[in-house]
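Read the structure below first, then the notes.
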Amino acid sequence: MTQRVLDLAIAALETIRENTDRAPRASKTALARLQAAPAAAARPIALRTAHATPVGAVESAVPSVDPDAPSKAELLAAIRERVRACTKCAHLACSRTQTVFGVGNPDAELMFIGEAPGIDEDQQGEPFVGRAGQLLTRILKAMNFAREDVYIANILKCRPDTPSGTSGNRPPTPTEMQTCRPYLVEQIELIRPSVLVALGAVAVEGLLGTRGTMRELRGRWHTYNGIPLMITYHPAYLLRNQAPSEKRKVWEDMLQVLERLERPISDRQRNYFL
Ligand code: SF4
């Protein structure tokens, strides 16, 4: 196990411990292996110091990069495979067409979080591809981002089931969100974006465990695990409520995001209405 993977595993465990009622459990054998790993990872540097450093030379304090360390994309792919096989919510595992993991740039500086796949996402296996997704893509374009530049994921990786014969989507339950949340926590820990954007009150509840009205929550900065978090309306809300004032609120939230990312903002962007 490389030091980098170990750091990521420890960070993910710490996040789980901070954000769930139940502390992560590990066997004595697993703990012993984890405790032994840092020493093993540090050994090559110690050996270089003892045997390879020329007399009088100063050993660099910067750890060498392990060329065999998995990339972020590879680590994300490993989580994706676990999600693909996940049956923790038996009812959703039965009803889904496929899991919807997330899409975008593993090195994204901006990450969007929605609530759960809808019928279009369930069919296509990608988040935010329906009408609300198309609006999100337009918002990104107005911000001078392509979908491939950012990372987009949901709290829930499976579509919440609905009674047979009915159409439409339903919001995920608190239990479903609690069950699936660790996958999102891992995604955020790996990507470590500069800014997170939570889309809608359900996404906020799933991410922070906080219930509140969007009027209270949106338009100001929050923090998730040290990462600045902007809360704004879900694009589906804007499709239901076409009032220019509501669209402008979302755009003003996005202007704050651009400022936080130190992106140039043109006059045209400042005066833009979605
Ligand atoms: S919603 Fe999440 S936890 Fe539940 S079955 Fe799907 S992937 Fe697993």
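No lab work stands behind these numbers, since they all come straight from the coordinates. All values derive from a computational prediction rather than experimental measurement. Counting neighbours? That spans all protein chains shown, and the Cβs are built from the backbone with ideal geometry, glycine included.
Using Cβ counts within 10 Å as a stand-in for footprinting exposure, how do 210, 99, 223, 137 rank, fewest first? Show your work: numbers first, answer last.
Numbers: 210 13, 99 22, 223 10, 137 17.
Sorted ascending by nearby Cβ count, the order is 223, 210, 137, 99.
Find how much the distance from residue 211 to residue 242 grows on full extension, using 0.36 nm per residue of separation minus their present alpha carbon separation; answer in nm with one decimal.
On the way: separation 31, 0.36 × 31 = 11.16 nm, distance 2.47 nm.
Extra length available between residue 211 and residue 242 comes to 8.7 nm.
So which chymotrypsin sites (Phe, Trp or Tyr not before Pro) in the stretch 185-274 end up in coil per DSSP with only 15 or fewer other C-beta atoms within 10 Å? Don't jump to the answer; show the numbers that get you there.
Numbers: sites: 221, 224, 233, 237, 251, 272, 273; in loops: 233, 272, 273.
In loop regions of the stretch 185-274 (DSSP not H, G, I, E or B), the sparsely surrounded chymotrypsin sites (Phe, Trp or Tyr not before Pro) are 273.
In Å, the Kirkwood hydrodynamic radius of the stretch 72-129 over pairs of distinct alpha carbons? Walk me through the intermediate numbers first.
Values: mean 1/r = 0.0806 Å⁻¹.
One over the average 1/r among Cα pairs gives 12.4 Å for the stretch 72-129.
Counting pairs of Cα atoms in the stretch 118-274, how many percent are more than 25 Å apart? Please report the intermediate quantities before stating the final value.
Working: 3479 of 12246 pairs.
The answer is 28 percent, as a whole percent.
At 0.36 nm per residue, minus the direct Cα-Cα distance, what do residue 71 and residue 141 gain on full extension? Give it in nm, one decimal, please. Before the final figure, lay out the partial values.
Numbers: separation 70, 0.36 × 70 = 25.20 nm, distance 2.78 nm.
This chain segment gains 22.4 nm when fully extended.
So which aspartates and glutamates can residue 141 reach, going by Cα to Cα under 12 Å and dropping same-chain residues fewer than 8 places off?
Excluding near neighbours in sequence, the set is 149.
Kirkwood Rh over Cα pairs of the stretch 145-217 into Stokes-Einstein at 25 °C, 0.890 mPa s: D in µm²/s? Intermediate values should be presented prior to the final figure.
Values: Rh = 13.8 Å.
In µm²/s, the coefficient rounds to 177.
Please order 230, 214 by the number of other Cβ within 10 Å, starting at the fewest.
Working: 230 22, 214 17.
Result, fewest neighbours first: 214, 230.
Percentage of Cα-Cα pair distances in the stretch 184-261 greater than 17 Å, rounded to whole percent? Walk me through the intermediate numbers first.
Details: 1321 of 3003 pairs.
Here the tail beyond 17 Å accounts for 44 percent of pairs.
What number, in percent, do you get for the relative contact order of the stretch 173-274 if the mean sequence gap of Cα pairs under 8 Å and at least 6 apart is divided by its residue count? Can you show the working numbers first?
Values: 100 pairs, mean separation 23.9, N = 102.
So the answer I get is 23 percent.
From a point 7 Å beyond the Cα of residue 103 in the direction of its Cβ, which residues of the stretch 124-142 have a backbone N at a distance under 13 Å?
Residues 124-138 fall inside that zone.
Between residue 271 and residue 167, take the C-beta separation as r, use R0 = 45 Å, and let me know the FRET efficiency to the nearest 0.05. Please report the intermediate quantities before stating the final value.
On the way: r = 39 Å, r/R0 = 0.86.
So the FRET efficiency works out to roughly 0.70.
Mind checking which lysines have their C-alpha under 21 Å from residue 88, skipping anything on the same chain fewer than 8 residues away?
157
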